[in-house]
């Protein structure tokens, strides 16, 4: 699913739990590592990037599941929107659901791209700071 770039086995265990949505403290307990160690790892750009990758993979899996249901849901919405026998309030609610879903998808795509760019910048800065400089 992910690369788990240069992480120790203990870090990978922590990442697995933290990526599920547990707090740093909860992930530390579950991974059986000291909380202070987990807090240090939570500031490590490699660990943060791995958590994001795992969360993104979970979101993609969920999105694929929703996409499988989208055809059915759209058919129901089309029926409600086209069939004048449904009350106007029901039809308007259907319109609202479609518009809201489209706005959220667009927002997610923009935020996802921006976050990926920021994470890459953080990694570049971290690598730059870790490199000895002649001065």
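Taking the empirical scaling 2.2 N^0.38 Å for compact globular proteins as reference, segment 1-57 has a Cα radius of gyration ratio of 0.96.
The stretch between residue 126 and residue 36 holds 30.3 nm of extra length on full extension. This uses 0.36 nm per residue minus the Cα-Cα distance. Under the criterion of Cα pairs below 8 Å and six or more residues apart, the relative contact order for segment 9-130 equals 20 percent. Here is how the number arises for the chain: DSSP H runs of 4 or more residues each give -39500 (n - 2.57), the sum is divided by the residue count, and the result at 222 nm is -27500 deg cm²/dmol. Projecting label points 7 angstrom from Cα along Cα→Cβ for residue 67 and residue 117 puts them 2.4 nm apart.
Between 0 and 90 degrees, the angle of helix 88-130 with respect to the longest Cα principal axis of the chain falls at about 10 degrees. Dividing the Cα radius of gyration of the chain by 2.2 N^0.38 Å, with N the residue count, gives 1.51.
For the chain, the longest principal axis of the alpha carbon atoms and the long axis of helix 9-18 meet at an angle near 30°.
Shown for 15, 24, 76: other C-beta atoms within 10 Å of each C-beta, ranked fewest to most, produce the order 76, 24, 15.
Hull volume per residue, based on the alpha-carbon atoms of segment 62-113 and their convex hull, is 69 Å³.
The numbers here are math on the coordinates, done by the rules we state, and not lab data. All of these numbers come straight from a predicted model, not from anything done at the bench. In this analysis, Cβ positions are derived from the backbone assuming ideal geometry, glycine residues included, and neighbour counts consider all displayed protein chains.
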